[in-house]
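The values are calculated or read from the model by the stated rules, or taken from the named source; none is laboratory data. Every value quoted in this text rests on a predicted model; they were computed, and no experiment measured them. The protein model used for the area step is the full one, side chains on, heavy atoms only, and it has no ligands, DNA or RNA in it. Shrake-Rupley method; radii C 1.70, N 1.55, O 1.52, S 1.80 Å.
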Amino acid sequence: MSLQWTDTYDIAIAMEEKYPDVDILSIRFTDLWKWVQELPGFIDDPLRSNEKVLEAIQMAWLQERD
């Protein structure tokens, strides 16, 4: 499966699987930006991301953990 920045829920699931012990609310957006791009299947342009997209991923990840 390929992932793009707009696939926030799928990215959140992948992040939870890869980083289950991370404090989600303490992650710097620069780290989150990098980690998302390192996910298997991520194919989107890094420049298409912004703070709003990263925040949506962070919140979806938080909901996935709950």
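Evaluating 6.51 cos²θ - 1.76 cosθ + 1.60 at θ = phi - 60° for every residue in region 17-22, the Karplus couplings come out as 5, 7, 10, x, 9, 6 Hz, glycine and proline recorded as x. Per-atom-type breakdown for the chain gives carbon and sulfur 51% of the accessible area (1.4 Å probe, protein chains only).
Dividing the summed -39500 (n - 2.57) terms of all DSSP H runs of n ≥ 4 by the residue count of the chain sets its mean residue ellipticity at 222 nm at -16500 deg cm²/dmol.
For the chain, the longest principal axis of the C-alpha atoms and the axis of helix 51-65 are separated by about 40°. For PHE42, the residues whose amide H sits under 5 Å from its own are LEU3, ignoring neighbours fewer than 5 places away on the same chain, with H placed 1.01 Å from N.
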